[in-house]
Amino acid sequence: AGTQASAPRMPSRSSSSSTLVPGWLAGTFAGGLLVHCCFIPLWVGCIVPPFLAVYLLFCGGLRMLAGLALIGLIVYLDFGITVRWRPWFMRLIYELNMTRYYSRCELRGALDAVKTERNLFMFHPHGILSVGFVCNGVWNRAFNDLASPPAQQKAILAARMGDPPGAPWRGTAFMIAQNLREWSGFFKVLCDVSGRLESATRQNLTRRMAEGRNVGIIPGGFEDATLHVQGRERTAMSDRKGLIKYALQHGYALTPIYTFGESETYATFPYLLKPRLWLNRFGIPAVAFFGAPWMPLFPRRNVPIASCIGPPLQLPKLEKPTPEEVSKWHAAYLDALQALFDKHKGECGKPDAKLEIW
């Protein structure tokens, strides 16, 4: 059984006439950079259009009309339309391959034990860009080959640009903060087209679990991002028992995934931690960060990234778990996460690292 995998390199145009992008771009640093150039502005800049619209409203004249038009567009994108997912879009991202932006970005660990159903993938830590979750999870062909039904991946790899929307995605559902997923205008459209990014709400989580679908989530959320300090291995999990309760109710397995290198991708403002954590209660990410010297919004690319997958921790199915049972399995998960961290920290270049679980 394999223990390490990078996302496979896509064949060049010279070796396959069916690729969607030129060979010099597919699976290269240029391709990875291009995806980052498209995604990061949509993510970081999702708060810009509303503020710009309000500013234009107070400018008067034609600018006020432009502000009204922009508000109308934002409302329409957020609440008036849901774009159906395009399999060809996922294939395009697979071929461009986000992982090639970094000096090394790969999957490691218990790859042979990854389940294709009834599994909750718990990604740690959030970091700033969430490289492990984004590059080695959501948009990673190798991960989805392991974690999704084969028919779903085959449909993606056969898709062509201009194809009509596909049947609903039945692979892993990746869940992110609702305010980022639903109220972010153009970023919401990206999530819609991907077919696999959903709001991390109780309703969505329990619905997907009732279907037996795999689910991927960053349990630490905004608190993880707020705790981020360059070079420190931190994750917020000590009081995250709700996910454990839902997993028990549906008889799910919990799979810890820890990404080494995530803490090195950005430098952050580490002070005023308590008030910043307080802001997180209202869904406000309270971070100030600096990444690559040539473009501070982008992560540092000379950082080796390794997302290490642990063996699944199978939970019993308990329709009404007691608080004691939830606490018991929560503690078991923390032990599994710690064991995963300790097992792989040496091979990932951090033999003396300590995992701080907040």
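The values are calculated or read from the model by the stated rules, or taken from the named source; none is laboratory data. Values in this document were obtained by computation on a predicted structure and should not be read as measured data. Here Cβ is always computed from backbone atoms with ideal geometry, including for glycine, and neighbour counts include all displayed protein chains. In case anyone asks, the SASA skips ligands and DNA or RNA and just uses the protein heavy atoms, side chains included. Shrake-Rupley method; radii C 1.70, N 1.55, O 1.52, S 1.80 Å.
Take each uninterrupted DSSP H stretch in the chain, measure its Cα extent along the helix axis, and return the ones at 20 Å or beyond whose mean Kyte-Doolittle hydropathy is at least -1.0.
29-44, 61-75, 323-344
Can you give the FRET efficiency to the nearest 0.05 for PHE290 and GLU182, using r as the Cβ-Cβ distance and R₀ = 35 Å?
0.75
Below 8 Å, C-alpha to C-alpha, sequence gap of six or more: please give me the relative contact order for the chain in percent.
Relative contact order comes out at 20 percent.
Taking 0.36 nm per intervening residue step and subtracting the Cα-Cα distance, what contour gain separates ALA151 from LEU42 on full extension?
Residue separation times 0.36 nm, minus the Cα-Cα distance, leaves 36.2 nm.
When a/c is below 1.5 the answer is rounded, else prolate if a/b is larger than b/c, else oblate, so apply that to the stretch 217-358 with a ≥ b ≥ c taken from the square roots of the Cα gyration tensor eigenvalues.
oblate
Could you work out what % of the accessible surface of the chain is carbon and sulfur, using a 1.4 angstrom probe and leaving DNA, RNA and ligands out of the count?
Result for the chain: 63 percent of the exposed heavy-atom area is carbon or sulfur.
Which of the following values of mean projected area of the Cα convex hull in nm² was calculated from the structure shown: (i) 21.7; (ii) 20.6; (iii) 19.5?
For mean projected area of the Cα convex hull in nm², the calculated option is (iii).
Which order do peptides 332-344, 272-284 fall in by mean Cβ count within 10 Å, highest first?
332-344, 272-284
Sort ASP112, ASP163, ASP352 by accessible area with a 1.4 Å probe, largest first.
ASP352, ASP112, ASP163
Quick one: of the DSSP bridges fully inside the chain, what percent are antiparallel, nearest 5?
30
Run lengths n ≥ 4 of DSSP H only: what is the helix-derived mean residue ellipticity at 222 nm for the chain, with -39500 (n - 2.57) per run over all residues, to the nearest 500?
Calculated from helices alone, the mean residue ellipticity at 222 nm is -11000 deg cm²/dmol.
Rank ILE305, ILE128, ILE40 by mean-square fluctuation in a GNM of the chain with C-alpha springs under 10 angstrom and give only the top-ranked residue.
ILE40
Which length gain, in nm to one decimal place, applies between ASP163 and ARG281 when the Cα-Cα distance is subtracted from 0.36 nm times their residue separation?
38.3 nm
First measure r as the distance between the Cβ atoms of TYR55 and SER103, then evaluate 1/(1 + (r/R0)^6) with R0 = 41 Å and state the FRET efficiency to the nearest 0.05.
For TYR55 and SER103, the calculated efficiency is 0.55.
What whole number of Å gives the distance from the Cα centroid of the stretch 185-251 to the Cα centroid of the stretch 273-349?
Taking the Cα centre of the stretch 185-251 as reference, the centre of the stretch 273-349 is 11 Å away.
Here is the link list: LYS154/LYS343; LYS115/LYS354; LYS115/LYS320; LYS274/LYS320; LYS317/LYS354; LYS154/LYS345. Which ones come out longer than 27 Å on Cα distance?
Among LYS154/LYS343; LYS115/LYS354; LYS115/LYS320; LYS274/LYS320; LYS317/LYS354; LYS154/LYS345, the Cα-Cα distance tops 27 Å for LYS154/LYS343; LYS115/LYS354; LYS274/LYS320; LYS317/LYS354; LYS154/LYS345.
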